[in-house]
Amino acid sequence: MTRIGFAYNQKPDSPVGLVSAAATEPRPDEEPPSTSDVYAEWDSAETIDAVASALSAYGEVVRLEATEEFPERLRAERPDIVFNIAEGLHGANREAHVPAICEFFGVPYSGSDPYTLSLCLHKGRTKDVLSAYGIPNASFALIDSAASLDALLHGNSPLVARLSPLAPIFLKPVQEGSSKGITEKNLVRSRDELEAQVRFLLETYDQPVIAEAFLPGAEFTCGVLGNGSRARVLPLVGINFGSLPHGALPIYGFEAKWIWDTPSEPLDIFECPARIDPWLQSSIEAVVLRAYHTLGCRDWSRIDVRLDADGVPNIVEVNPLPGILPSFEDNSCLPKAARAAGLSYDQLIQSALVHAAERYFLDLDAPLSSRYSSLAESVA
Ligand SMILES: Nc1ncnc2c1ncn2[C@@H]1O[C@H](COP(=O)(O)OP(=O)(O)OP(=O)(O)O)[C@@H](O)[C@H]1O
Ligand SMILES: [Mg+2]
């Protein structure tokens, strides 16, 4: 029987960290406390159980929580393949740790390799690569210290030269996810606002800040499944900013994800499949697949796109470890896009496993694999 190692990080039961929107409840006018989102990217017991259950159709699932004991346990268990959703905890390469350890022990694993995971976690480096390949993304500057902030403000940066209410700048911590540190205050329209918010972010998140030209157009998040010429974009998820509270900015950031969207009052923020012109859909799919292949993504990913002032789709960021909350109410984008393509939650998870196994020419105990293949083809 195939032995499937399952690597994950589970949110602590009584965490310092964020469990759900309701658990933190900062007032909308408050700066979210920096410690409240420490575990925002880790998975709940419910997600971990749901993934394990989906994997179990293909073999015996060996749970390998990505704690300090992970290397010894992996070495002792030696599964045929590891299904990886572990986000890691420490450092700029945290998402790469589990895949790197798997490579060290020669154990096949699902998803992108350590290089791609580290690259995509760094929004600036990702944009350097995208730009080198001519893939549209917002112009940007990286600010790693008070000194580089001064240099940006007093140098001749074209980005800052254009800064105005009509050409605002959007700020982000360079290496976070789940909108940690991304609030409405990060949209700045003047040098004073830029300076104050960059200083706050540098101090709070202890990492460089990326300043980007604000992309004013519509936003989409796009699931991708598969590899090589068989990689497919799932039905697009459009972000419906009209569902945000009156006066909110058109940003899918911390407030929208963790304050305004609650289990009791969910926001109707996603439209899937997005109702857009076929030509726009094709151009979004094309840029998404270019980014996926160029950055070396494997098996699955979720890629955010926004239109610039000319309506051109720009890559906002690439998530090679996509969020996969199982329950319908959680409104998780990739499972939602998969559903629109006719794939159940289990089939989404199984498809990532099957694509990974195919890369290693590994035979799974595959009661459903032939069935999945036909569904995967239908996504085309
Ligand atoms: N250059 C930009 N112009 C306009 N809006 C932007 C820009 N960059 C980011 N945003 C807004 O901020 C949101 C969060 O940014 P981004 O997706 O980079 O962060 P994240 O925290 O990594 O997201 P995720 O939760 O998807 O991991 C985007 O969904 C988008 O609404
Ligand atoms: Mg995003």
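The values are calculated or read from the model by the stated rules, or taken from the named source; none is laboratory data. Please read all numbers here as calculations on a predicted model, not as lab measurements. Quick reminder, even Gly has a Cβ in these numbers, built from the backbone with ideal geometry, and neighbours come from all protein chains shown.
On the basis of being touching a residue at least 12 places away in the same chain (Cβ under 8 Å), surrounded by 14 or more Cβ atoms within 10 Å (Cβ to Cβ) and more than 21 Å from ASN319 (Cβ to Cβ), does LEU159 make the cut? Steps first, please.
Working: touching a residue at least 12 places away in the same chain (Cβ under 8 Å): yes; surrounded by 14 or more Cβ atoms within 10 Å (Cβ to Cβ): yes; more than 21 Å from ASN319 (Cβ to Cβ): yes.
Considered against the rule, which asks whether it is touching a residue at least 12 places away in the same chain (Cβ under 8 Å), surrounded by 14 or more Cβ atoms within 10 Å (Cβ to Cβ) and more than 21 Å from ASN319 (Cβ to Cβ), LEU159 comes out as yes.
Would you point out which residue out of LEU119, LEU130, LEU171 is assigned to a strand (DSSP E or B), under 28 Å from TRP42 (Cβ atoms) and either within 16 Å of ligand 2 (Cβ to nearest atom) or touching a strand residue (DSSP E or B) at 6+ places or on another chain (Cβ under 6 Å) (or both)?
Values: LEU119 fails: assigned to a strand (DSSP E or B); LEU130 fails: assigned to a strand (DSSP E or B).
Just a single option satisfies the conditions, and that option is LEU171.
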Is it the case that GLY223 is more than 9 Å from ligand 1 (Cβ to nearest atom), buried (at least 19 other Cβ atoms within 10 Å of the Cβ) and either touching a residue at least 60 places away in the same chain (Cβ under 8 Å) or not in a helix (DSSP H, G or I) (or both)?
yes
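Which ones in the range 226-275 are in a helix (DSSP H, G or I), within 16 Å of ligand 2 (Cβ to nearest atom) and either in contact with a His (Cβ under 6 Å, 6 or more places away or on another chain) or not aliphatic (A, V, I, L, M) (or both)?
Taking the range 226-275 as the starting set, the residues that turn out to be in a helix (DSSP H, G or I) are 228-230, 241-243, 254-259.
Within this subset, residues satisfying the condition of being within 16 Å of ligand 2 (Cβ to nearest atom) are 241, 254-258.
Those that are in a helix (DSSP H, G or I), within 16 Å of ligand 2 (Cβ to nearest atom) and either in contact with a His (Cβ under 6 Å, 6 or more places away or on another chain) or not aliphatic (A, V, I, L, M) (or both): PHE241, PHE254, GLU255, LYS257, TRP258.
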Expected output for the range 99-114 (first residue among the aromatic types (Phe, Trp, Tyr), partner outside any loop (DSSP other than H, G, I, E, B), Cβ below 6 Å, 6+ apart or cross-chain) is PHE105/LEU74; PHE105/ARG75; TYR109/VAL82; TYR109/ASN84; TYR109/PRO99; TYR109/CYS102
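Which one is nearest to the chain's Cα centre (by Cα), of the residues in the range 299-338 that are assigned to a helix (DSSP H, G or I) and more than 10 Å from ligand 2 (Cβ to nearest atom)?
Step one: filter the range 299-338 for residues assigned to a helix (DSSP H, G or I), giving 328-330, 333-338.
Narrowing the set further to residues that are more than 10 Å from ligand 2 (Cβ to nearest atom) leaves 328-330, 334-338.
Details: PHE328: 19, GLU329: 19, ASP330: 16, LEU334: 10, PRO335: 13, LYS336: 15, ALA337: 14, ALA338: 16 Å.
Selected residue: LEU334.
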State the number of residues belonging to the range 102-116 that are of a type in the set (Asp, Glu) and in a helix (DSSP H, G or I).
1
PRO99 versus (1) in the same structural domain as GLU65 (by TED's automatic domain parsing); (2) within 23 Å of the chain's Cα centre (by Cα); (3) in a loop (DSSP other than H, G, I, E, B): which is the lone unmet condition?
(3)
Only one of (1) outside any helix (DSSP H, G or I); (2) within 16 Å of ligand 1 (Cβ to nearest atom); (3) touching a helix residue (DSSP H, G or I) at 6+ places or on another chain (Cβ under 9 Å); (4) over 22 Å from GLU41 (Cα atoms) is not met by GLU193, so which one is it?
(1)
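Inspect all residues belonging to the range 197-218 and state whether any of them is farther than 19 Å from VAL316 by Cβ, more than 18 Å from the chain's Cα centre (by Cα) and part of a loop (DSSP other than H, G, I, E, B).
Of all residues in the range 197-218, those farther than 19 Å from VAL316 by Cβ come to 198-200, 202-204, 206.
Among the residues that remain, those that are also more than 18 Å from the chain's Cα centre (by Cα) are: 198-200, 202-204, 206.
Then drop every residue that is not part of a loop (DSSP other than H, G, I, E, B), which leaves 206.
Yes, the conditions are met somewhere in the range 197-218.
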Of the residues in the range 226-250, how many are at negative phi, touching a residue at least 60 places away in the same chain (Cβ under 8 Å) and small (Gly, Ala, Ser)?
2
Within the range 166-181, does at least one residue satisfy the condition of being surrounded by fewer than 19 Cβ atoms within 10 Å (Cβ to Cβ) and away from ligand 1 (no atom under 12 Å from the Cβ)?
yes
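Going by the structure shown, is VAL62 among the β-branched types (Val, Ile, Thr) and more than 21 Å from VAL224 (Cα to Cα)?
Details: among the β-branched types (Val, Ile, Thr): yes; more than 21 Å from VAL224 (Cα to Cα): yes.
Yes.
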